[in-house]
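Worksheet: one structure, shown below.
The values are calculated or read from the model by the stated rules, or taken from the named source; none is laboratory data. Bear in mind the structure is a predicted one, so any value in this text is a computation, not a measurement. Counting neighbours? That spans all protein chains shown, and the Cβs are built from the backbone with ideal geometry, glycine included.
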Amino acid sequence: MNQQAPPMSQKFEFWDQRYSTQSYLYGLEPNDFLRAQAGRIKQNGCVLCLAEGEGRNAAFLAGLGHHVTAVDGSKVGLRKLELLTQERGLTVQTVCADLADFEIGSEQWDAIVSIWCHLPHALRAEVHRKCVAALKPGGCLILEAYTPKQLEYRTGGPQTGELMMTLAELREELSGLTLELAHEIERIVEEGTGHSGRSAVVQLVAYKP
């Protein structure tokens, strides 16, 4: 007998609990890599932020004038995103959804942002395939994630290598995009209390021809 998947509220209970504080787990400033690469996004572009959590990256992009949609499975995180944008006088469309079910669309986005979006391997590959289809021609994907080497540092990220990714895997999963910047590096990540210290990451910027 096949077991039914747990309701989404149970599936994201871990994140609801982590976000259930007045402070922002990963701080209020955008991810460093995203800040450095945001100029690549078309002016006033339509941008999708995956697994956006409490919204610091989405708020940053909205502040640059982009039309931002943020998707996450945590209602608590998205409520904090909405509070953050209200305080800053910004608008971000929020979608509470599981990426296993969320329809990203077809040639719909000028940019897709994936910062610390760690998913089981099969689901990640499917989401990345959908991202390729969902970008407009000329659109870009901006991604930073932990590599399995991060388990040596344990300064943030998943506790299992299965949820992390390598550049070799990303090259395969993002077939159809042109990788303009793509490398695995070690760098200091300081983002609230959630990420703090030397980290092993993969960074990528890819365009749809």
Quick one: Arg154 ticks every box in (1) in contact (Cβ under 8 Å) with a residue 40 or more places away in the chain; (2) in a loop (DSSP other than H, G, I, E, B); (3) farther than 20 Å from Ala122 by Cα bar one, so which box is it? (1)
Number of positions in segment 104-139 that are among the hydroxyl-bearing types (Ser, Thr, Tyr) and out of contact with any strand residue (DSSP E or B) (no Cβ under 9 Å at 6 or more places or on another chain): 1
Select from segment 170-180 the residues that are surrounded by 15 or more Cβ atoms within 10 Å (Cβ to Cβ) and not acidic (Asp, Glu) and write down the one among them that is nearest to Val127 (Cα to Cα). Leu174
Would you confirm whether any residue within segment 53-65 is on the phi > 0 side of the Ramachandran plot and buried (at least 21 other Cβ atoms within 10 Å of the Cβ)? yes
Would you confirm, using the coordinates I've provided, whether Glu107 is acidic (Asp, Glu) and assigned to a loop (DSSP other than H, G, I, E, B)? yes
Can you find even one residue in segment 52-70 that is touching a residue at least 60 places away in the same chain (Cβ under 8 Å) and in a strand (DSSP E or B)? no
Do you know which residues across segment 158-209 are assigned to a strand (DSSP E or B), closer than 21 Å to Trp15 by Cα and not polar (S, T, N, Q)? Val189, Glu190, Glu191, His195
Scanning segment 16-37 residue by residue, those touching a helix residue (DSSP H, G or I) at 6+ places or on another chain (Cβ under 7 Å) and surrounded by 19 or more Cβ atoms within 10 Å (Cβ to Cβ) turn out to be Tyr19, Tyr24, Leu25, Tyr26, Pro30, Asn31, Leu34
Would segment 120-138 turn up any residue that is in contact with a helix residue (DSSP H, G or I) (Cβ under 6 Å, 6 or more places away or on another chain), part of a strand (DSSP E or B) and either under 15 Å from Gly53 (Cα atoms) or free of Cβ contacts under 8 Å to residues at least 60 places away in the same chain (or both)? no
I'd like to know if segment 159-172 contains one or more residues that are touching a residue at least 24 places away in the same chain (Cβ under 8 Å), among the acidic types (Asp, Glu) and either in contact with a Lys or Arg (Cβ under 8 Å, 6 or more places away or on another chain) or closer than 20 Å to Asp72 by Cβ (or both). no
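Listed here are the residues, each with its yes/no results for (1) over 18 Å from Gly45 (Cα atoms); (2) among the small types (Gly, Ala, Ser); (3) surrounded by 20 or more Cβ atoms within 10 Å (Cβ to Cβ).
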| residue | (1), (2), (3) |
| --- | --- |
| Leu119 | yes, no, yes |
| Arg124 | yes, no, yes |
| Gly139 | no, yes, yes |
| Glu144 | yes, no, yes |
| Leu151 | yes, no, no |
| Gly161 | yes, yes, no |
| Ala168 | yes, yes, no |
Candidate set from segment 1-51 (those that are touching a Gly at 6+ places or on another chain (Cβ under 7 Å) and not in a loop (DSSP other than H, G, I, E, B)); member that is modelled with the lowest pLDDT: Met8
Output the residues belonging to segment 81-96 that are within 9 Å of Val68 (Cβ to Cβ) and assigned to a strand (DSSP E or B). Val92, Gln93
